[in-house]
Amino acid sequence: DTDTGAGSHDPTSLRTPIVAVLGHVDHGKTSLLDKIRGSAVIEGEAGAITQHIGATAVPLDVVSSIAGDLVNPDDFDLPGLLFIDTPGHHSFTTLRSRGGALADIAILVVDVNDGFQPQTLEALDILKRSQTPFIVAANKIDTVPGWNPNEDSPINATYEAQSDRVSSRLDESLYEIIGNLSDEDFSADLYWRVQNFQRNVGVVPVSAMTGEGVPDLLAVMMGLSQRYMKEEMEIDVQGPGVGTVLEVKEEKGFGTTIDIVLYDGTIKADDQIVVGGMNKPIVTDVRALLQPRPLAEIRTESRFEKVDEISAASGIKVAAPELADAMAGAPVRVVRNRELDEVVEEVEAELADIAVDTEEQG
Ligand code: GDP
């Protein structure tokens with residue numbers, strides 16, 4: 001183990017895994033995210049999801065109420081899942097954290113009828129190169145001819161409600177997807193047959209339309225994260241924040257702002273930050289940290305509300321001077337009690353890495 005014994009107190013805590021959704025156009029990425037958000041809003045009376053800038057946080061208790069018997073919250077200590085709202089592999093490739101993908105885990109959406117398509121293969125290639133663990137959502141199962149839909153049902157229950165003819169048709173499509181994955185050197189199987197998700201890719205039949213299989217999808221994501229990624233989720237939550245720029249945007253009343261995903265530490269409204277810029281790192285002071293305001297309150301006030309601080313993993317809009325040259329995909333680091341020079345050097349090194357990768361990808 002790498003315990004350095006550096007301190008007597010242990011400020012380590014577990015952050016939310018960051019989830020990205022990839023797949024071919026029209027295979028249902030946006031619909032699936034919408035369905036998960038929608039289900040989370042309905043089930044979320046106890047914990048409630050929080051809408052972040054560029055992301056949606058679904059806490060464990062909400063995951064558990066959507067997934068029912070499939071997720072017992074006592075079995076988990078990860079706090080939930082943070083879904084990046086912009087689907088697609090373009091955003092996935094630009095969104096990096098030090099040395100790897102920003103997303104800790106991914107959902108590859110494949111239309112059961114349409115099967116593997118060019119962007120499915122591209123996405124697989126990206127997942128392979130970035131070594132991002134993923135599961136396959138075999139989507140649109142409700143379009144199998146003769147399908148008998150069961151809103152929001154777990155897969156085994158809805159399978160039982162189908163005729164033999166219908167369920168074997170679905171099986172055929174699923175095995176075709178499993179075969180396609182194997183052609184790409186991924187050993188895959190239906191998720192309930194997978195013992196080791198590090199070795200095998202789990203395929204989860206779902207419908208973003210009816211919500212069937214969504215309980216299973218969330219259960220598998222949560223289980224996989226807890227089992228295989230817990231150590232990577234250990235962060236010094238009070239430490240200086242580290243993140244990645246999602247988007248650079250003009251915002252009325254705030255000038256140029258950056259939407260960031262924070263994957264380590266905390267950012268505070270009075271922090272000094274270093275942001276990757278087009279020519280060189282930008283050193284600036286946070287003017288405001290902004291979150292989307294709940295829909296009901298938007299009519300009277302600004303779309304955003306100011307927060308004093310926020311911890312990883314989260315999405316947040318940062319207003320600060322000098323951000324015009326900031327770049328999507330660039331690193332953001334909080335300085336706080338660290339040496340400014342050292343932080344600037346880290347951001348420079350990360351920017352150099354991004355430049356090399358961009359060249360390699362042509
Ligand atoms: P994206 O391009 O991957 O984000 O795909 P969208 O989410 O925009 O979906 C493309 C189309 O497929 C839309 O018309 C959706 O309504 C439809 N769609 C997505 N998921 C499902 C599903 O599970 N069942 C059915 N019947 N239609 C779906």
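The values are calculated or read from the model by the stated rules, or taken from the named source; none is laboratory data. Just so it is clear, the structure is predicted and the values come from calculations on it, not from any experiment. Ideal geometry is used to build each Cβ from the backbone, glycine not excepted, and the neighbour counts take in all protein chains shown.
Of note:
- Test result for Thr158, touching a helix residue (DSSP H, G or I) at 6+ places or on another chain (Cβ under 9 Å), among the hydroxyl-bearing types (Ser, Thr, Tyr) and within 16 Å of the ligand (Cβ to nearest atom): yes
- Residue list for the range 52-80, filter: under 30 Å from Arg303 (Cα atoms) and of a type in the set (Ser, Thr, Tyr): Thr56, Ser65
- Only one of the numbered conditions (1) under 21 Å from Ser31 (Cα atoms); (2) in contact with a helix residue (DSSP H, G or I) (Cβ under 7 Å, 6 or more places away or on another chain); (3) more than 11 Å from the ligand (Cβ to nearest atom); (4) hydrophobic (A, V, I, L, M, F, W, C) is not met by Ile126, and that is (1).
- Residue check for Ser173: part of a helix (DSSP H, G or I) and touching a strand residue (DSSP E or B) at 6+ places or on another chain (Cβ under 8 Å): yes
- In the range 85-103, the qualifying residues are those that are within 16 Å of the ligand (Cβ to nearest atom) and assigned to a helix (DSSP H, G or I), and the one that is surrounded by the fewest Cβ atoms within 10 Å (Cβ to Cβ) is His90.
- Cβ-Cβ under 8 Å pairs, at least 6 apart or on other chains, the range 190-214 side modelled with pLDDT under 95, far side in a helix (DSSP H, G or I): Phe197/Val220; Phe197/Gly223; Phe197/Leu224; Phe197/Arg227; Phe197/Tyr228; Gln198/Tyr228
- Subset of the range 205-257 that is at positive phi and within 16 Å of the ligand (Cβ to nearest atom) - its residue that is surrounded by the most Cβ atoms within 10 Å (Cβ to Cβ): Gly213
- Qualifying residue in the range 77-84 (condition: within 16 Å of the ligand (Cβ to nearest atom) and touching a residue at least 40 places away in the same chain (Cβ under 8 Å)): yes
Residues are listed down the side, and each one gets a yes or a no for (1) aliphatic (A, V, I, L, M); (2) in contact with a strand residue (DSSP E or B) (Cβ under 8 Å, 6 or more places away or on another chain):
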{"position": "Ala188", "(1), (2)": "yes, yes"}
{"position": "Arg193", "(1), (2)": "no, no"}
{"position": "Phe197", "(1), (2)": "no, yes"}
{"position": "Pro205", "(1), (2)": "no, yes"}
{"position": "Ala208", "(1), (2)": "yes, yes"}
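- Qualifying positions in the range 117-142 - within 22 Å of Trp192 (Cβ to Cβ) and hydroxyl-bearing (Ser, Thr, Tyr): none
- Residue check for Ala106: within 15 Å of the ligand (Cβ to nearest atom) and either touching a Lys or Arg at 6+ places or on another chain (Cβ under 7 Å) or of a type outside the set (D, E, K, R) (or both): yes
- Residue in the range 183-200 that is surrounded by 21 or more Cβ atoms within 10 Å (Cβ to Cβ), away from the ligand (no atom under 16 Å from the Cβ) and either charged (D, E, K, R) or under 18 Å from the mean Cα position of the chain (by Cα) (or both) present: no
- Filter result for the condition that a residue is acidic (Asp, Glu) and surrounded by fewer than 13 Cβ atoms within 10 Å (Cβ to Cβ), over Asp171, Asp164, Asp114, Asp152: Asp164
- Pairing residues of the range 331-354 that are touching a residue at least 24 places away in the same chain (Cβ under 8 Å) with residues that are in a helix (DSSP H, G or I), at Cβ distances under 6 Å and at least 6 apart in sequence or on separate chains, gives Pro331/Val347; Pro331/Glu350; Arg333/Val343; Arg333/Val347; Val335/Val343.
- Selection of the range 55-66 for residues being within 19 Å of Ala106 (Cβ to Cβ) and away from the ligand (no atom under 16 Å from the Cβ) yields Ala55, Ala57, Val58, Val63.
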